[in-house]
Amino acid sequence: MSKPTPISGFPEWLPAQRMIEQNVIERIRATFELYGFAPLETRAVEPMDQLLRKGETSKEVYVLRRLQEDPAAGGGDDALGLHFDLTVPFARFVLENSGKLQFPFRRYQIQKVWRGERPQEGRYREFLQADIDVVDRDSLPFHYDTEMPLVIGDAFRSLPIPPATILVNNRKVCEGFYRGLGLEDPDEVLRIIDKLDKIGPAKVGQLLADTVNATPAQIDACLRLAEISAVDGSFVDAVRKLNVDNELLNEGLEELSRVVEAAAEHAPGLVRAELKIARGLDYYTGTVYETQLQGYERFGSICSGGRYENLASTGSERFPGVGISIGVSRMLGLLFGHQALTVSRSVPTAVLVALPQEELRPRCDRVAQSLRSRRISTEVAPSAAKFGKQIRFAERRGIPYVWFPGIDGEPDTVKDIRSGEQVEASAGDWMPPASDLIPAISAS
């Protein structure tokens, strides 16, 4: 077989990186469960009409199709696509299972998604997301909007990553402000303002003039609103100084203040009101979140979400919700690319049982099994080489301990090859320090 050509946008981590990923997933999962979110996994595919129902996503959806399918037969797999996020399948799941769920329903979902966009640093076509959502029947109390950043803040603080800042806004603030200015298509204004970081204020202003017929005064007001940023409630006064009055604007300012104030009490510095944040997907109706890592701001958000009032509905019922999603692969890809995370060893193994001679392998296997029975990750040396060579084998993999079976009545000993300390030990009761049981993840 010739050397294969890599496919861009589909990351495959090395074993050491995969151990870091698993550790990160476990810490995120543990935080989600501390807040009472229940686990869920949905199928990888959804009907195309559901995937294309909301947002500008048609160019990003991967279609599922059998190689030998007969197009003339109709109704085939080409009506299915791989999900591009976890919110759409979650909404479908809620509708299908509403009679079996207890509301408000709190779920977390850690799962792969697929999105056909141009691969670049930290941005992939197949990637892992970790989502939380709370959904209820008919109406959802606003306090769940204030809870989302607190959960994510605790999850990020459990990880060996740079400090995170959650940027929050409320679409009611923006929509009410634009309506107060006399702009008749606030949704289009939102979509244009969402491009601010990518194309800059001059081009955004030109788009506003060309697309929604905004006057210079309206453009100036929109850009001034987008400049407002604060870690406390002072953003409200800054908006008021722009002299725009609208009932929806007032409602949005009150809601956004509650999110910022709750975060300031729980975790000062975690949340910042950023009034240029819009989020591109159409189903957000209120609070929106984006998250940046300190030192990686230029790469954009690694965690985002918001409130949606009408994502899941039937003729007789409506299921509003609020959620937020960590881009696990995106975050780790950026950190791996900058060598910002390390793991203490490249294998899970804590103990290598040395093999004095091949005939003693059954005895060494029994030692290894005894250690494994007490949850100590152990492997037996691959061959009966000189002990120095077996120690070097352990060193190259970061394995901290080498176990030496006693010969001719001598007791077993175990050596910490980092310090050189070697002591007598019994496989039935010896334990390494807890810090050595699993590989340690740390920031570089």
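Some notes on this structure:
- Complete set of residues in segment 11-29 that are touching a Ser or Thr at 6+ places or on another chain (Cβ under 8 Å), over 13 Å from Thr342 (Cα atoms) and open to solvent by 40 Å² or more (accessible area, probe 1.4 Å): Arg27
- Pair list, Cβ < 7 Å and 6+ apart or interchain, from segment 405-416 residues that are open to solvent by 60 Å² or more (accessible area, probe 1.4 Å) to residues that are not in a strand (DSSP E or B): Ile407/Pro356
- Sub-6 Å Cβ pairs linking a first residue in segment 147-166 that is open to solvent by 30 Å² or more (accessible area, probe 1.4 Å) to a second residue that is part of a loop (DSSP other than H, G, I, E, B), at least 6 apart or interchain, are Pro162/Gln294; Pro162/Gly295; Pro163/Gln294, ordered by first then second residue.
- Selection of segment 218-235 for residues being open to solvent by less than 30 Å² (accessible area, probe 1.4 Å), assigned to a helix (DSSP H, G or I) and either without any contact (Cβ under 8 Å) to a residue 12 or more places away in the chain or under 24 Å from His143 (Cβ atoms) (or both) yields only Phe235.
- Positions within segment 366-388 being open to solvent by less than 20 Å² (accessible area, probe 1.4 Å), assigned to a helix (DSSP H, G or I) and not β-branched (Val, Ile, Thr), in sequence order: Ala368, Leu371
- Qualifying residue in segment 42-54 (condition: assigned to a loop (DSSP other than H, G, I, E, B), at pLDDT 95 or above and surrounded by 15 or more Cβ atoms within 10 Å (Cβ to Cβ)): yes
- A single entry from Val402, Val423 fulfils the requirement of being of a type outside the set (S, T, N, Q), more than 29 Å from Leu14 (Cβ to Cβ) and assigned to a strand (DSSP E or B): Val423.
Yes/no matrix, rows are residues, columns are (1) in contact with a helix residue (DSSP H, G or I) (Cβ under 9 Å, 6 or more places away or on another chain); (2) of a type in the set (Gly, Ala, Ser); (3) assigned to a helix (DSSP H, G or I):
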{"position": "Ile132", "(1), (2), (3)": "yes, no, no"}
{"position": "Gly153", "(1), (2), (3)": "yes, yes, yes"}
{"position": "Cys174", "(1), (2), (3)": "yes, no, yes"}
{"position": "Gly180", "(1), (2), (3)": "yes, yes, yes"}
{"position": "Glu188", "(1), (2), (3)": "yes, no, yes"}
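- Among the residues making up segment 342-365, those that are open to solvent by 20 Å² or more (accessible area, probe 1.4 Å), outside any loop (DSSP other than H, G, I, E, B) and in contact (Cβ under 8 Å) with a residue 40 or more places away in the chain are Thr342, Val343, Leu360, Arg363.
- Options Ser419, Ser435, Ser444: the member that is among the polar types (S, T, N, Q), in contact (Cβ under 8 Å) with a residue 24 or more places away in the chain and exposed (fewer than 11 other Cβ atoms within 10 Å of the Cβ): Ser444
- One residue from Ala267, Ala273, Ala278 being over 19 Å from the mean Cα position of the chain (by Cα), more than 16 Å from Pro162 (Cβ to Cβ) and modelled with pLDDT under 95: Ala278
- For segment 371-395, a residue qualifies if it is free of Cβ contacts under 8 Å to residues at least 24 places away in the same chain and under 18 Å from Val343 (Cα atoms), and exactly one does: Glu395.
- Within segment 281-314, the set of residues being at pLDDT below 90, crowded, with 20+ Cβ neighbours inside 10 Å and among the aromatic types (Phe, Trp, Tyr) comprises Tyr284 only.
- The residues on offer are Ala273, Ala312, Ala262, Ala238, and the sole one that is part of a helix (DSSP H, G or I) and out of contact with any Ser or Thr (no Cβ under 6 Å at 6 or more places or on another chain) is Ala238.
- Candidate set from segment 238-264 (those that are farther than 28 Å from Pro163 by Cα and free of Cβ contacts under 8 Å to residues at least 40 places away in the same chain); member that is least open to solvent (accessible area, probe 1.4 Å): Arg240
- Identity of the residue in segment 77-100, outside any helix (DSSP H, G or I) and in contact with a Lys or Arg (Cβ under 9 Å, 6 or more places away or on another chain), that ends up nearest to Met48 (Cα to Cα): Leu80
The values are calculated or read from the model by the stated rules, or taken from the named source; none is laboratory data. Everything numeric in this text was worked out from a predicted model, so none of it was measured. Ideal geometry is used to build each Cβ from the backbone, glycine not excepted, and the neighbour counts take in all protein chains shown. Accessible surface is based on the protein model in full, side chains and every heavy atom, while ligands, DNA and RNA are left aside. Shrake-Rupley method; radii C 1.70, N 1.55, O 1.52, S 1.80 Å.
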